[in-house]
Amino acid sequence: MNTNSPNNKLSSLPESAHLLVVGGGGREHALCWKLAQSPNVSKIYCAPGNGGTGSESKTENLNIPVNDFAALREFAEKNNIDLTVIGPDNPLAEGIVDYFNEKSLPVFGPTKLAAKLEWSKAFAKEFMSATNIPTPKFVVCSNFEEGMKAVKSHQWARVVKADGLALGKGVFVCNTEDQCKHALEQIFTDKIFGAAGEVALIEEKIRGEELSLLLFCDGESVMAMPASQDHKRRFDNDQGPNTGGMGVYSPVPLFEKFKEAIDEQVIKPLQKAIAEKKIDFQGILYAGLMIGTTESEDETTDDNSKARILVLEFNARFGDPETQALMPLLDADLYQILDACQKRQLKNISISWKKSASCCVIAAASSYPESSSKNEIIVIKNLPSDVFVFHAGTKLVDGKLLTNGGRVLAVTAVAQTMEQARAKAYAALEQISFKDISFRSDIGRRAAEQCLST
Ligand code: GLY
């Protein structure tokens, strides 16, 4: 069903809305691209944006950094922005939504208090315990000695996490007591994460597959998007250092297998907690799920028969690169959905998704994540249809498209099957070049094989 259906009981949208998207990565390009398709949107400003958002239809970049709340709010106020959409985690953790709310400016995203589900892992764990959402066992500690006591007392305690936002680097998955000790020293003695490491968690180590489950939330109810699976390690076969995510695909065959259990154990408890105002969450709630087993259970579980569903963590925003894989599958008006969330009217709309497969491959410099590509010319030749090149680390200088650090491009292809989507994404990458371009060759491979074998 289309969200423009007359069945939708919504207050009307402005006919010619002006939007502001805050952020400058691949996620924000995908959001601008999708928002621009709304017939009700006539202009999108992206602050600061990138080379892709700068060339997108209806979209203009604004030279305002994401942490300049005063300039962003002043722009929204002076330009009668109908909705501001916040992309990245840091401004949410620092209270940008509260800052816009002070002036009653329409903004999509959680308040600082609600975003605590992302910026404090201890808070998220307490929330999960209180709402019966399954999560690995944990101990919260506020100094090195407490941490070591937990590690020595519990054989299962082998994952050490900094409590706060740490640019995706705050998680240490350890095998031995010594490795845990080293992680705790980095957090509490060396203070490598600063204030984000004032508290740490020691968690149960789980083996299995991770899934990303993103939900639209309006403070009253939730609506889940199709599940996706990110590939966080830098190299093929999940080898090498962790990154922001090297590629993602959706839908996920493993999710389909556990769908009812995930609904019962994760989505319904979240729905209940939000409806009962245990947390007033408006925005995107992103549950990082693990379908897996503890090490002691591991020997007997090749077929997932003992696998449990666990929520490892929450994010309080759209995932990156999950958004780049999901937006091309969304068969609805994103502006209408975000506006409904902001007005607490989500239950009045229906959201449909294409029954297609989406595969998104990240292109970065071969040296990424240690260092990244800057100021190299990007050439994009002819692309097959249903391929979308979302820009992350790019900029336009005198009409030339140049690399600008980090993950450079998110190349997404949509097709009937995952095998076809993969083939199309990799064919598109053959048409794209910049110095030292590099990407994983196995994004979505496991899913494509699973689909072929069923
Ligand atoms: N894809 C991981 C994240 O957005 O945090």
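The values are calculated or read from the model by the stated rules, or taken from the named source; none is laboratory data. The structure presented is a predicted model; accordingly, all values stated were derived computationally and were not measured. Every residue, glycine as well, gets a Cβ built from its backbone with ideal geometry; the counts of neighbours run over all protein chains shown. These accessible areas exclude ligands, DNA and RNA; they are computed on the full protein's heavy atoms, side chains included. Shrake-Rupley method; radii C 1.70, N 1.55, O 1.52, S 1.80 Å.
Given (1) of a type outside the set (Phe, Trp, Tyr); (2) part of a helix (DSSP H, G or I); (3) open to solvent by less than 60 Å² (accessible area, probe 1.4 Å), identify the lone condition not met by residue 51.
(2)
Would you tally the residues in the range 73-126 being under 26 Å from residue 287 (Cβ atoms), more than 16 Å from the ligand (Cβ to nearest atom) and of a type in the set (Asp, Glu)?
Looking only at that region, the number is 3.
Inside the range 349-367, can you point out the residues that are within 20 Å of residue 229 (Cβ to Cβ) and either out of contact with any helix residue (DSSP H, G or I) (no Cβ under 7 Å at 6 or more places or on another chain) or open to solvent by less than 60 Å² (accessible area, probe 1.4 Å) (or both)?
353, 355, 356, 357, 358, 359, 360, 361, 362, 363, 364, listed by residue number.
Which condition number does residue 325 fail, the rest of (1) free of Cβ contacts under 8 Å to residues at least 40 places away in the same chain; (2) within 16 Å of the ligand (Cβ to nearest atom) being met?
(1)
Kindly provide the set of residues from the range 312-332 that are open to solvent by less than 10 Å² (accessible area, probe 1.4 Å) and over 30 Å from residue 162 (Cα atoms), ordered by number.
Scanning the range 312-332 gives 327, 328, 329, 330.
Pairs please, first residue from the range 121-139 and closer than 24 Å to residue 263 by Cβ and open to solvent by less than 40 Å² (accessible area, probe 1.4 Å), second anywhere and modelled with pLDDT of 95 or more and among the hydroxyl-bearing types (Ser, Thr, Tyr), Cβ atoms under 8 Å, 6+ apart in sequence or on different chains.
Every condition considered, the pairs that remain are 125/135; 128/135; 135/129.
Just to confirm my filter: which strands (runs of 3 or more DSSP E) fall fully inside the range 303-395 and include at least 2 residues that are among the small types (Gly, Ala, Ser)?
Qualifying strands (runs of 3 or more DSSP E): 357-365.
Which residue, of 267, 202, 284, is in a helix (DSSP H, G or I) and open to solvent by less than 50 Å² (accessible area, probe 1.4 Å)?
So the residue among 267, 202, 284 that is in a helix (DSSP H, G or I) and open to solvent by less than 50 Å² (accessible area, probe 1.4 Å) is 267.
With the condition kept exactly as written, say whether any residue in the range 216-229 is assigned to a loop (DSSP other than H, G, I, E, B) and within 12 Å of the ligand (Cβ to nearest atom).
No: the range 216-229 contains no residue that is assigned to a loop (DSSP other than H, G, I, E, B) and within 12 Å of the ligand (Cβ to nearest atom).
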